[in-house]
Each structure stands twice: as structure tokens, then as C-alpha cells.
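Chemist: Got a structure here, written out as C-alpha cells. Questions coming.
The values are calculated or read from the model by the stated rules, or taken from the named source; none is laboratory data. Because the structure is predicted, anything quoted here is derived from the model rather than measured. Note that each Cβ is placed from the backbone with ideal geometry, even for glycine, and that neighbours are counted across all protein chains shown. Just so you know, the surface numbers come from the protein's heavy atoms only, side chains and all, with ligands and any DNA or RNA stripped out. Shrake-Rupley method; radii C 1.70, N 1.55, O 1.52, S 1.80 Å.
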Amino acid sequence: MVEGSAGPHPLPESLRRARANAARSWLAALALPQASRAVIARAIDTSASSDREALSRAWEAVVMLITPGADMAVRAELRRVSLTLAPAA
């Protein structure tokens with residue numbers, strides 16, 4: 001969802017909103033602690049907008065949530081997605 005919002009070929013806003021709505025339904029079906037659910041929900045919500053800075057903050061919160069239990073491959077993928085949000089040099 002992050003790449004669909006801020007990647008090299010961003011999706012149209014209507015499609016980002018549809019994807020966010022579907023992701024909210026998916027998230028509601030998961031058994032997660034409320035704090036984790038809130039972090040993920042914020043990232044889902046910001047992925048539908050065009051506010052890249054808000055998306056970056058929300059994504060970094062997801063990274064902080066996931067990183068402690070992640071293996072090296074997952075950490076590398078999280079970092080790769082984070083780089084798509086970095087400001088252009």
C-alpha cells in the first residue's frame with residue numbers, strides 16, 4: 001500500500017481509497033492488541049491520502065512495531081519500502 005501511494009508509479013486516489021477500505025476490513029478480522037491495531041490502521045488510512053510526510057511517519061511506526069520480531073529478510077523489505085518514502089535528493 002505504501003508503494004501504491006508513494007512509489008515510482010503511484011496509484012490514482014480512488015484506487016488507493018478502495019484498497020484502504022479493503023485493508024480496514026482485513027485488519028478488523030485480525031486478533032491484535034489495540035495498540036498494534038491503531039498503528040496499522042493509521043498507516044492504512046494515510047496510504048489513501050497524498051500526504052507523503054504523514055505516510056512516512058505512519059510507516060515508520062509500523063516498522064518500529066514489526067522490527068523486534070522480524071528476521072533479516074523482513075527487516076530488509078521494511079527498509080526498502082522506507083526508502084521509497086525518503087525525500088528525493
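Chemist: Given an 8 Å cut-off on Cα distances and at least 6 residues of separation, report the relative contact order of the chain as a percent.
Modeler: Normalised by residue count, the contact order of the chain is 35 percent.
Chemist: Now, a different point. Once every DSSP H run of n ≥ 4 in the chain is given -39500 (n - 2.57) and the sum is divided by its residues, what mean residue ellipticity at 222 nm do you get, rounded to the nearest 500 deg cm²/dmol?
Modeler: Mean residue ellipticity, 222 nm, calculated: -22500 deg cm²/dmol.
Chemist: Evaluate the distance, in nm, between pseudo-label points positioned 7 Å from the Cα of ALA73 and of GLU13 along their respective Cα→Cβ axes.
Modeler: 3.8
Chemist: Determine, from the Cβ-Cβ distance of GLU3 and GLN34 and an R0 of 25 Å, the FRET efficiency 1/(1 + (r/R0)^6), rounded to the nearest 0.05.
Modeler: Working from the Cβ atoms, E equals 0.35.
Chemist: Where Lys and Arg each count +1 and Asp and Glu each count -1, what net charge lies around SER47 among other residues with Cβ under 15 Å from its Cβ?
Modeler: Around SER47, the charge tally is +1.
Chemist: Another question about this same structure. Roughly how many percent of the accessible protein surface of the chain is carbon and sulfur, given a 1.4 Å probe and a whole-percent answer?
Modeler: 63
Chemist: Let me ask something additional. If you add up the charges near ALA70, with Lys and Arg at +1 and Asp and Glu at -1, over every other residue whose beta carbon is less than 12 angstrom from its beta carbon, what do you get?
Modeler: With Lys, Arg at +1 and Asp, Glu at -1, the net is 0.
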